[in-house]
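A short worksheet on the structure shown next.
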Amino acid sequence: MDQQVDTIKHIKQTISTFICNELSVDIEDIDSETNLGAYGLGSTAATILTGILENTYQLRLSPLLVFDYPTIDTLAAAINEQLKESQELTRS
Amino acid sequence: MFQKTQFTTSEILTAVANIPIQDSLSLRAWLHPDKKLFTFLDDEGKESDTLTYLQLWQRAVAVADVLKTCSDHGDRILLFYPQGLDFIVAFFGCLLANRIAVPLSLPNRRRVDKCVNVMTDCGARIAMAPHRTYEQLAAGFKETTAADTQWLIAEEIKPSLKLPEINTFRSLTNQDEVAFLQYTSGSTSTPKGVMVTHRNIFINLHMMRDSWSLDANSDMVFWQPHHHDMGLIMGQLLPILLGNHTVIMSPNTAVRQPSIWLQAISRYRAVLSGGPNFIYDLAVARYSETDMDGLDLSSWKIAPNGADVVRLKTLERFYATYKQYGFKMETFMPCYGLAEATLFVTGGPTRQLPKYMEVDKDELEVHRKVKSVTSQLDSRSLVGCGEPNWELEVAIANPETCKECAPSEIGEIWIHGRSVTAGYWHNEEVTQKTFHAKLQQGADKNFLRTGDIGFIGTDGHIYICGRLKDLIICEGRNLHPEDIEYTILQSTDRLKSQSCAVFSYENDEQRQAIVAVIETDRDLMRRLESEAKILRGLIGQSITETHGIGLSKIVFIPPATLKKTTSGKVQRSLMKSLYLNGELEVL
């Protein structure tokens, strides 16, 4: 369970870091329940973020994921779900 | 008529530089029917579709046959296609049937107004799309003026069984007729369709071929979308003039995983591939040794960098990262072009290191003068965008007096030549102003006013310094500030009928920042303390949803402090300089 919490935290951090660096938003201004569009995440930036998340977590993500889960909380949860699935797949 | 049986290489080269591109397709479908023309790569970089020269011709002929039964010569046909090989089939179908193709980007499900305005502007009654796209779009058009559009479903048109014949490749097409309309220049409320003629296309294509010494062995990899002039002209029409093999992928694939783009260049031994400046930055930022396993970029001879500001730092970083894989600095091809001139204007010569200048920022931005500097302080590096092709005459003119500028003076870039397009569709007034400028009073020669500001360097290269008007160029796309301002004011009721100004500047890290300055009234000013955060959120979200870009900063200013002209027009450049000089009172 603790590991789960850590993974979600890590994913959230990856997203926040991207918002902070790529969109020049102060880290204190980033809120995990705010729509990412509010920080200026346009379609190109969303695609770049998808690619970074794919590489960081060794996953293949839908290009629409960021639009379907548009906050840091929901996006991190969705990626965590996919991560669990892929880990179960490798185990079996 | 006396029939030919074969073509020498020289004959082919001359022919394709003198006939409409659809006739070149017919000729090549006869000359080398089974040669692979296009390969499409899916999101993972795997081959998912191919077209030979004959297959494209047969499928396009079938589309043309259908169009001839349901439309008239010169009718506009809207093309709604996701990136893939079906688009080019429909496009050539239009050209072979002498219908005017209108390639459009797929609208966001909820925001079809721009599309509807274009449909009204060009007066199209017929649209083509794959079945899935049609289903997604048709619902959005209900209850708009575009509701009674007739749809042709791409999958329902089966390839023709005809074979090309050498005596019929030359069509009766009038070369000065419009081949397609390029709608990337106008704003949402006033779309502007650039009328590109058959002659414009083959002239511009042979300009690229000759300026860059390309031939049938110059294979390419392209990811730019086909509704953009670079993606269509360079990515999908140039291959047919050259007779090469071209690999296409979706923009999303290259942006999500730049390694798939670079690996495709390596795998297909591409000679030509490129994009706007940001893709090179991205390829550096996302570099990982494992993704580049086996990468060999030694075949890559020409890497166009255009449609946006070309940055020296980007070129240097990309070279530093990828030289170990055989990439050469001489491969970079900074270039300049615009849809109003079909596409290509300057770029090259080939096999030379990029040229650049360090110029005094103040002299450049305030006095429009070029002054070379040696110290890095207060300087701006500009990258030379090459020489024009011999087909074109390029002049730098003072935008107010319309006289040619002195050397080292900055002015508007003016162009004369056979690839300058016929103007804007059904917009005589703006066409006159933009396309029929004269350097001398009473002269016959018409020049295109590009609206871009630049100068010719002592090294003979053209240097681009910015836009005459307030147009914002972001990720290779043109954005009209009035469209963004409109969206801001519509984004929430809490703003009511305020005014705002949107502009873009380059920050200290050479990155683009787009700023919105919103004027408050007394009521909003009072509410601001508690509502500013939520307002910023709503505005930001609405802008990214509508325009696909992000605002870097949203600032509020006191009532009646937004600068306007006497006729009530927002003075964006004045607001920009106040903001940058810290002279703006911000709430």
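The values are calculated or read from the model by the stated rules, or taken from the named source; none is laboratory data. Keep in mind the model is a prediction, meaning the values are calculated, not measured. Note that each Cβ is placed from the backbone with ideal geometry, even for glycine, and that neighbours are counted across all protein chains shown. The area values use the complete protein model at the heavy-atom level, side chains included, leaving out ligands, DNA and RNA. Shrake-Rupley method; radii C 1.70, N 1.55, O 1.52, S 1.80 Å.
Computed over chain A, the per-residue total of -39500 (n - 2.57) for DSSP H runs of n ≥ 4 gives a 222 nm mean residue ellipticity of -21500 deg cm²/dmol, rounded to 500. 3J(HN,Hα) along the stretch A:27-41, derived from phi through the Karplus expression 6.51 cos²θ - 1.76 cosθ + 1.60 where θ = phi - 60°, amounts to 4, 5, 7, 8, 10, 7, 10, 8, 4, 4, x, 5, 8, x, 7 Hz, with x in place of Gly and Pro. Averaged over the residues of B:278-285, the number of partner chain Cβ atoms lying within 10 Å of the residue Cβ comes to 1. Equivalent-ellipsoid semi-axes for the stretch B:373-490 (Cα gyration tensor, √(5λ), whole Å, largest first): 24, 24, 13. The label point for A:Asp26 and the one for B:Lys438, both projected 7 Å from the Cα toward the Cβ, are 5.8 nm apart.
Rounded to the nearest 5, the antiparallel percentage of DSSP beta bridges internal to the stretch B:472-580 is 70%. For the set B:Lys114/B:Lys569; B:Lys445/B:Lys563; B:Lys142/B:Lys162, the pairs lying more than 27 angstrom apart at their alpha carbons are B:Lys445/B:Lys563; B:Lys142/B:Lys162. Taking only Cα atoms, what is the 0 to 90° angle, nearest 10, from helix B:113-122's long axis to the longest principal axis of chain B? For B:113-122 against chain B, the angle is about 50 degrees. Label-to-label distance, B:Thr5 versus B:Glu531, with points set 7 angstrom from Cα along the beta-carbon direction: 8.4 nm. Amide H contacts for B:Tyr356 (H built 1.01 Å from N in the peptide plane; partners 5 or more residues away or on another chain; cut-off under 5 Å): B:Gly384.
Remark: mean inter-chain Cβ contacts per residue of B:544-555 equal 5, using a 10 Å Cβ-Cβ cutoff to other protein chain atoms.
Its residue count N sets the reference 2.2 N^0.38 Å, and the alpha-carbon radius of gyration of the protein assembly as shown equals 0.97 times that reference. Which percent of Cα pairs goes in each bin when the distances of the stretch A:2-91 are cut into 5 angstrom slices starting at zero? Taking all Cα pairs of the stretch A:2-91, the binned fractions are 3, 14, 27, 27, 17, 8, 3, 1 percent.
Applying 1/(1 + (r/R0)^6) with r as the Cβ-Cβ distance of B:Glu156 and B:Lys35 and R0 = 30 angstrom yields a FRET efficiency of 0.60. Here's the picture: charge each Lys and Arg Cβ at +1 and each Asp and Glu Cβ at -1 in the stretch B:26-269, and of B:Leu238, B:Ser211, B:Cys70 the one pushed furthest to the positive end of that dipole is B:Ser211.
Loop-resident trypsin sites (Lys or Arg not before Pro) (DSSP state other than H, G, I, E or B) in the stretch B:148-193 with no more than 11 further Cβ atoms inside 10 Å of their Cβ are absent. For the stretch B:212-226, putting each phi into the Karplus relation 6.51 cos²θ - 1.76 cosθ + 1.60 with θ = phi - 60° gives couplings of 10, 6, 8, 8, 5, 8, 7, 6, 10, 10, 9, 10, 5, x, 6 Hz, in residue order, rounded to whole numbers and with x for Gly and Pro. The accessible area of B:Thr314, taken with all protein chains in place and a 1.4 Å probe, comes to roughly 0 Å².
What lysines sit close enough to A:Lys84 to cross-link, taking a C-alpha to C-alpha distance under 21 Å and skipping anything fewer than 8 places away on the same chain? Partners within reach: A:Lys9, A:Lys12. I need the shape label for the stretch B:1-138. Rule: rounded when a/c is under 1.5, else prolate if a/b > b/c, else oblate, with a, b, c from the alpha carbon gyration tensor. Cα axes put the stretch B:1-138 in the oblate bin.
Using the Cβ of B:Gln324 as centre and a radius below 13 Å, the other residues enclosed give a net charge of -1, where K and R count +1 and D and E count -1.
Of the chymotrypsin sites (Phe, Trp or Tyr not before Pro) found in the stretch B:1-66, those in coil by DSSP whose Cβ has at most 14 other Cβ atoms within 10 Å are B:Phe2. Structural descriptor for the stretch A:2-91: relative contact order 34 percent, calculated from alpha carbon pairs under 8 angstrom and at least 6 residues apart. At the residue level, B:Ile166 shows approximately 30 square angstrom of accessible surface with a 1.4 angstrom probe and all protein chains present.
Other residues with beta-carbon under 14 Å from the beta-carbon of B:Ile415 carry, at +1 per Lys or Arg and -1 per Asp or Glu, a net charge of -3. Given a cut-off of 30 Å, what percent of all Cα-Cα pairs of the stretch B:26-269 lie beyond it? Value for the stretch B:26-269: 23 percent of Cα pairs lie more than 30 Å apart.
In peptide A:50-56, how many Cβ atoms from other protein chains are near each Cβ within 10 Å, on average? Going residue by residue through A:50-56 and averaging, the value is 4.
In terms of Cα atoms, the Rg and Dmax of chain B work out to 24.4, 86 Å.
Shape of the stretch B:484-587 from its Cα gyration tensor (a ≥ b ≥ c, root eigenvalues): rounded if a/c is under 1.5, otherwise prolate when a/b > b/c, or oblate? In terms of gyration-tensor shape, rounded.
Would the stretch B:183-261 count as rounded, prolate or oblate if I go by the C-alpha gyration tensor, calling it rounded below 1.5 in a/c and otherwise prolate when a/b exceeds b/c, oblate otherwise? Cα axes put the stretch B:183-261 in the oblate bin. Using the Karplus relation 6.51 cos²θ - 1.76 cosθ + 1.60 with θ = phi - 60°, the per-residue 3J(HN,Hα) values for the stretch B:538-547 come to 5, 5, x, 5, 5, 5, 5, 5, 7, 10 Hz, with x marking Gly and Pro.
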